[in-house]
Amino acid sequence: MHIYTPPKAPRYIPVIDLAESFLDDPEAFDATAQDIHRACREMGFFYVSHHGIPAEFIAQTFAWSKRFFDLPAPEKLALNMKNSPTASGYDAGLQQLDSQGDAEKAPPDLKESFTMGRDLPDDHPWAQKRIRSFGHVQWPATLPGFRAHMIAYRAAMTGLCSHILQLLARSLDLPRDWFAPHFEMAAASTRLLKYPPQPVAAAFNQIGAGAHTDWGGVTILAQDDCGGLEVRNADGEWIEATPIPGTFVINLGDLMARWSNGIYNANMHRVKNNLSGRDRYSIASFNDPRPDAVIEPIPGCVTEQFPRKFATCTSQEHIYEMFRRSYGFTPGTAA
């Protein structure tokens, strides 16, 4: 496990203004892409501002999240993610995120969550595959309007991710649409998260979310004003990702690091809600390649100076292995 040590004050998590990247100006687009290139090489985390998602819409999503977590425990437990073949649903504290290496696992995370993947009818060809993030979402019956809003939020995150993927492609001197085939029918999910204040009686090294990297492509995080997200920098020091109004936090997952042959980082991060004295809410949108996408180094990322670091895998192979380490089962196999 990764032993908890207090973070240092922020040194540098860049804020990247996306405004000019939405203009019909290729030079402005590429200038923003170069800002992202620097952020991805140095940190693997950055904030984005002027991203095009209305603040009121994000606030409404947080309000829906609170309504969900305020439901009686039996109603939430009836939506147990283990009941879904795609692992969509409620998690009352099953996950051990600090579990990725070969060392001893940390205790379970101190959080509860609700995960929704693509909302597909049961007879949809992708839902019939019973693959994580494709259908079989367990929606609460007593929250009318929740389903429609969350589907709309997921669609907004998919649109923003498509724009960020184009910027990432240009940041690696690729055509803007290079990632598009790999994210056609992507494994996209949104996860509502609630972290209680750090309890005095927590087990050794037990925190809200143990140290981990994200597993897939691009994560878009909305966080409230509580603080608690911490990121490990290139020097191995933990720094605070302080909430900045009007921004999302963007970070790259393992598959983006594999695609770039380690040129871009999938950085360790964690959550410890010990600053505010109240519940912390965040909304993580995971934008992962389609399950059968083959992840091999991007052209130009393997050179004599940078030999190949990672074996070939599919998106699903890697994500399912990380899921198994984190939960102890794979989607569709829970008892």
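The values are calculated or read from the model by the stated rules, or taken from the named source; none is laboratory data. The structure displayed is predicted, hence computed values, not measured ones. With ideal geometry, Cβ positions are generated from the backbone for all residues, glycine too; neighbour counts draw on all protein chains shown. Quick note on the areas: whole protein, heavy atoms, side chains included, nothing else; ligands and nucleic acids left out. Shrake-Rupley method; radii C 1.70, N 1.55, O 1.52, S 1.80 Å.
Counting only protein heavy atoms and a 1.4 Å probe, the chain has 43 square angstrom of accessible area per residue. Each peptide in 58-67, 247-256, 126-135 was scored by the mean count of other Cβ atoms within 10 Å over its residues; highest first, the order is 247-256, 126-135, 58-67.
Computed over region 181-248, relative contact order equals 21 percent, with contacts defined as Cα pairs under 8 Å that lie 6+ residues apart. The Cα-based radius of gyration and maximum Cα-Cα distance (Dmax) for region 40-170 are 17.0, 48 Å.
Sequentially through region 190-206, phi angles give Karplus couplings (6.51, -1.76, 1.60; θ = phi - 60°) of 10, 10, 7, 10, 10, 10, x, x, 4, x, 4, 8, 4, 5, 4, 6, 9 Hz, Gly and Pro residues having no value and appearing as x. Ligands, DNA and RNA left out, the 1.4 Å accessible surface of the chain is 54% carbon and sulfur atoms. Long hydrophobic helices in the chain: the complete DSSP H runs spanning 20 Å or more by Cα along their own axis with mean Kyte-Doolittle hydropathy of at least -1.0 are 26-42, 55-69, 146-171. Bridge orientation summary for the chain: considering DSSP beta bridges with both residues in this region, about 85 percent are antiparallel. Please compute P(r) over all alpha-carbon pairs of the chain, binned at 10 Å starting from zero, and give each bin as a whole-number percent. Calculated over all Cα pairs of the chain, the distribution is 6, 26, 37, 25, 6, 0 percent. When the P(r) of region 126-256 is calculated, the portion above 26 Å amounts to 37% of the C-alpha pairs. For region 14-69, the extents of the C-alpha atoms along the principal axes are 43, 28, 12 Å, listed from largest to smallest. For a paramagnetic label modelled on A59 (point 7 Å from Cα along Cα→Cβ), amide N atoms under 19 Å away belong, within region 153-173, to 153. Here S113 sits with roughly 0 square angstrom of accessible surface, probe radius 1.4 Å. Estimated from helical segments only, the mean residue ellipticity of the chain at 222 nm is -8000 deg cm²/dmol, where each DSSP H run of four or more residues counts as -39500 (n - 2.57). When peptides 232-240, 211-219, 198-206 are ranked by their average number of other Cβ atoms within 10 Å per residue, the highest-first order is 211-219, 232-240, 198-206. Dividing the alpha-carbon radius of gyration of region 139-182 by the rule-of-thumb value 2.2 N^0.38 Å gives 1.67.
Take the Cα coordinates of region 191-335, assign each an equal point scatterer, and use the Debye formula without solvent to give log10 I(q)/I(0) at q = 0.09, 0.14, 0.19, 0.20 Å⁻¹. Rounded to two decimals, the profile gives -0.33, -0.78, -1.23, -1.29.
With contacts defined as alpha carbon pairs under 8 Å and 6 or more residues apart, what's the relative contact order of region 84-196 in percent? Relative contact order for region 84-196 comes out at 31 percent.
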